[in-house]
Amino acid sequence: MRKKCQTWIKQLFLQNKKHTKMDKVNSDDILGYMKGLVESKQSVPREDWLTAAFNLEILRLDEAKLLNQMRQDIAIKRRDILYSQDGKKNVTACNVDIEALDEFRFMKNQEEKLYTVDELVRIAKKNSDTNF
């Protein structure tokens, strides 16, 4: 059972023909695997929960860095829009313009991904506490 648990990420990653053994696993692959289990109504073994949580916790830093970069880019755009307005600054119109950007939507999706990772790790910790 332990060997199966250690190799499930590799198996899931290699199922996609685009990937080779030299490619890295990322959080999207792990979340996609877990989503696939849920959609197919399969129960998720405790070992898979713990392995996914461990790997996602390690990969979370990269996702957080990406989110921070996105937030900074949005802040720069917001500043540019506000400074480009002549006379009175209209903050509400600036926010509406920013929220209409695709980059803002990507940033919100990234926030939701981090929330999902945090919740998956929290549930795995809770599950491991009750079972050990």
So which aspartates and glutamates can LYS35 reach, going by Cα to Cα under 20 Å and dropping same-chain residues fewer than 8 places off?
-> GLU47, ASP48, GLU57, GLU63, GLU111, GLU112, ASP118, GLU119
ARG46 to LYS108: FRET efficiency via 1/(1 + (r/R0)^6), r the Cβ-Cβ distance, R0 35 Å, to the nearest 0.05?
-> 0.65
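Bear in mind that the values in this text are calculations on the coordinates, not laboratory data. Since the model is a prediction, treat every value here as computed from it, not as a measurement. All Cβ positions, even for glycine, are placed from backbone atoms using ideal geometry, and neighbour counts span all protein chains on display.
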